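*Asks:* Handing you this structure, nothing more for now.
The values are calculated or read from the model by the stated rules, or taken from the named source; none is laboratory data. All values derive from a computational prediction rather than experimental measurement. Cβ placement follows ideal geometry from the backbone for every residue including glycine, while neighbour counts extend to all protein chains displayed. Heavy atoms of the whole protein, side chains included, go into the accessibility calculation; ligands, DNA and RNA do not. Shrake-Rupley method; radii C 1.70, N 1.55, O 1.52, S 1.80 Å.
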Amino acid sequence: MWTKWWLWPLVAVCTADFFRDEAERIMRDSPVIDGHNDLPWQLLRMFNNRLQDARANLTTLADTHTNIPKLRAGFVGGQFWSVYTPCDTQNQDAVRRTLEQIDVVHRMCQMYPETFLYVTSSAGIRQAFQEGKVASLIGVEGGHSIDSSLGVLRALYQLGMRYLTLTHNCNTPWADNWLVDTGDSKPQSQGLSPFGQRVVKELNRLGVLIDLAHVSVATMKATLQLSRAPVIFSHSSAYSVCASRRNVPDDVLRLVKQTDSLVMVNFYNNYVSCTNKANLSQVADHLDHIKEVAGARAVGFGGDFDGVPRVPEGLEDVSKYPDLIAELLRRNWTEAEVKGALANNLLRVFEAVEQASNPTQAPEEEPIPRDELGDSCRTHYGYPSGASSLHRQWGFLLASLAALVLCLCLL
C-alpha cells in the first residue's frame, strides 16, 4: 500500500513530461502565431528605437518578455508586432509616431535576418515556417494612428500594416472604445460612424485584418455585421470567465462563430482573473470557454507580452507557450484543435480576408466630415470654407481692430 502511494508523484511527473513532450512535438510542425506583442514599444521606451545600442541586442536583451532565445524556446513561428502609439498622440503626432514604430519593426527584421522574416501575407507566414524563421507582421494598434484619413490608412497598408485595431483606450472620431462600456468614456459613434463604416469597407477592400480588441461592444457588433470578411480580436479574452469589458461577451462570441472569426486570448492578469494575480490554468479556462461557445475554429493566442505589467504564473514570457499547449492536451484538446489554436485558425482567417479583398475596386474616397475632427494642430486644406473658418476670420478681425484701437489711444 505504501509503495503505491509512493509511486503517485512519479506517475504525475511522468504524465506531465508526456504532455510537455507532446506539446513540443506538435509545435515543431505547427509553431504558434501570436496575435500581439509589444516588443517594438519596449524598444522605443528603453532605447528610443536605437537598435545598435549594445543593450538592445535581441539575443541578450534583458528585462523584457521577449528576446530571440525566448522566441525559439517558445516555438514562436509567427508574430504580429504591435505598432502602438498612445492615445495622447491623437490629433497631434500619431502618424509620425506610427511611422517610426513601423520603421523599427522593419529594421529589427533587417538586423536579424537569420531569425525574422518580414511578411505581409498568409503565404509569407508559411514560407517563414518552412525556413524556420519567425514570420514578422505589422499590426497597428489604434485607429487614431490613421488620423481619420483613408489616405493614411492606404499608405500604412503599403508600408506593411496587415491588421488595424479600430480603437485603443480612447474613442476615435469614428469608432467607440471599450471604456464606453464602463462609463469612463462617452459614446460618440454608437459603435461606428458613417466614416467608420467606410474605414471597415476600405480595410476589406485592401485585405487588412480588422482587429476588435479594445473596442466597445457596439463597435464589435457593428463591425461583425458589416465586414465582408472574418475579423480578429488580437488580444482579448472571455467576459464570462473574467468580467472585464476588455473581454468578449458570449453574444459576441456567437457572432464570432457565425462569421468564422477569431479570438486570440490575452494573458494580462487583470483580463484573465480580474485580479492582479493569475496562472496558466486560468488562461486555459478562457480558451476552453471560447472553444465551447464559438467553436475550436475561433481560438487563438494573443499574449500581449511586453505590453502589460503583469502576466500569469507559468506564462512569464514567450518561452512558456509549450506549457500552455501541454495544459490544453491535458484537458483533452485534440491535436487538430491545438494546431488550429496555434496557427491554422489565424491562417484560415487571414486567407479569407485576402480572398475577400478587391484591390481593383475603386477605393473609398469620401473624407470624414470636417466638423467631426479635432481642430488642434490641424489644417483644413481641401474642405470648403465653413462656420469654423468664418469664426477664425472674425476672431482675427476683432483682434486686429483691438490692436488698432490701443495704438490710437496711445497716440
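*Asks:* Could you run through the stretch 184-199 and say how many residues are hydrophobic (A, V, I, L, M, F, W, C) and buried (at least 23 other Cβ atoms within 10 Å of the Cβ)?
*Replies:* So the count comes out to 2.
*Asks:* Looking only at the stretch 25-53, filter to residues that are of a type in the set (Asp, Glu) and surrounded by 15 or more Cβ atoms within 10 Å (Cβ to Cβ); which one of those is farthest from PHE80 (Cα to Cα)?
*Replies:* Checked the stretch 25-53; the qualifying residue farthest from PHE80 (Cα to Cα) is ASP38.
*Asks:* Output the residues belonging to the stretch 54-75 that are part of a loop (DSSP other than H, G, I, E, B) and open to solvent by 40 Å² or more (accessible area, probe 1.4 Å).
*Replies:* ASN57, THR59, THR60, ALA62, ASP63, PHE75
*Asks:* While we're on this one: For ASP181, indicate whether it is surrounded by 15 or more Cβ atoms within 10 Å (Cβ to Cβ), closer than 24 Å to THR379 by Cα and of a type in the set (Asp, Glu).
*Replies:* no
*Asks:* Next question. Does at least one position in the stretch 119-133 carry a residue that is over 21 Å from SER357 (Cα atoms) and either part of a strand (DSSP E or B) or within 19 Å of the chain's Cα centre (by Cα) (or both)?
*Replies:* Looking through the stretch 119-133, none of the residues is over 21 Å from SER357 (Cα atoms) and either part of a strand (DSSP E or B) or within 19 Å of the chain's Cα centre (by Cα) (or both).
*Asks:* Looking at LEU61, LEU44, can you tell me which residue is under 24 Å from ARG162 (Cα atoms), at pLDDT 95 or above and among the hydrophobic types (A, V, I, L, M, F, W, C)?
*Replies:* One residue alone meets the criteria, LEU44.
*Asks:* To continue, here is another question. Taking interchain pairs and intrachain pairs at least six residues apart, which have beta carbon atoms under 7 angstrom, with the first residue in the stretch 361-382 and in contact (Cβ under 8 Å) with a residue 24 or more places away in the chain and of a type in the set (Val, Ile, Thr) and the second surrounded by 12 or more Cβ atoms within 10 Å (Cβ to Cβ) and assigned to a helix (DSSP H, G or I)?
*Replies:* Sorted first by the residue in the stretch 361-382, then by its partner, the pairs are ILE368/PHE195.
*Asks:* Moving to a separate point now. Search the stretch 201-225 for residues being part of a helix (DSSP H, G or I) and in contact with a strand residue (DSSP E or B) (Cβ under 7 Å, 6 or more places away or on another chain), and hand back the single one that is nearest to ALA123 (Cα to Cα).
*Replies:* LEU203
*Asks:* Okay, moving on. So which residues in the stretch 262-280 are assigned to a strand (DSSP E or B) and either touching a residue at least 40 places away in the same chain (Cβ under 8 Å) or open to solvent by 30 Å² or more (accessible area, probe 1.4 Å) (or both), if there are any at all?
*Replies:* Within the stretch 262-280, LEU262, MET264, ASN279 qualify.
*Asks:* Here is a follow-up. Please indicate, with yes or no, whether at least one residue in the stretch 159-173 is surrounded by fewer than 24 Cβ atoms within 10 Å (Cβ to Cβ), touching a residue at least 12 places away in the same chain (Cβ under 8 Å) and part of a helix (DSSP H, G or I).
*Replies:* Within the stretch 159-173 (the criterion being surrounded by fewer than 24 Cβ atoms within 10 Å (Cβ to Cβ), touching a residue at least 12 places away in the same chain (Cβ under 8 Å) and part of a helix (DSSP H, G or I)), the answer is no, since none of the residues qualifies.
*Asks:* Tell me, which residue of the stretch 363-382 that is modelled with pLDDT of 95 or more and among the acidic types (Asp, Glu) is least open to solvent (accessible area, probe 1.4 Å)?
*Replies:* Looking at residues that are modelled with pLDDT of 95 or more and among the acidic types (Asp, Glu), I get GLU364.
*Asks:* Might you let me know whether the stretch 93-102 holds any residue that is part of a strand (DSSP E or B), surrounded by 21 or more Cβ atoms within 10 Å (Cβ to Cβ) and on the phi < 0 side of the Ramachandran plot?
*Replies:* No, because not a single residue in the stretch 93-102 is part of a strand (DSSP E or B), surrounded by 21 or more Cβ atoms within 10 Å (Cβ to Cβ) and on the phi < 0 side of the Ramachandran plot.
*Asks:* Which count do you get for residues in the stretch 200-240 that are under 22 Å from ASP251 (Cβ atoms), surrounded by fewer than 21 Cβ atoms within 10 Å (Cβ to Cβ) and touching a residue at least 40 places away in the same chain (Cβ under 8 Å)?
*Replies:* Total meeting the criteria: 3.
*Asks:* For VAL338, which of the numbered conditions (1) β-branched (Val, Ile, Thr); (2) open to solvent by 60 Å² or more (accessible area, probe 1.4 Å); (3) not in a loop (DSSP other than H, G, I, E, B) fails to hold?
*Replies:* Unmet condition: (2).
*Asks:* Consider GLN355 against the criteria (1) open to solvent by less than 30 Å² (accessible area, probe 1.4 Å); (2) not in a loop (DSSP other than H, G, I, E, B): it satisfies all of them except one. Which criterion is unmet?
*Replies:* Answer for GLN355: the failing condition is (1).
*Asks:* Next up: Of the residues LEU315, LEU324, LEU346, which single one is crowded, with 20+ Cβ neighbours inside 10 Å and assigned to a loop (DSSP other than H, G, I, E, B)?
*Replies:* So the residue among LEU315, LEU324, LEU346 that is crowded, with 20+ Cβ neighbours inside 10 Å and assigned to a loop (DSSP other than H, G, I, E, B) is LEU315.
*Asks:* Kindly establish whether THR259 is hydroxyl-bearing (Ser, Thr, Tyr), touching a residue at least 24 places away in the same chain (Cβ under 8 Å) and open to solvent by less than 10 Å² (accessible area, probe 1.4 Å).
*Replies:* Here the answer is no, as THR259 does not meet what is asked.
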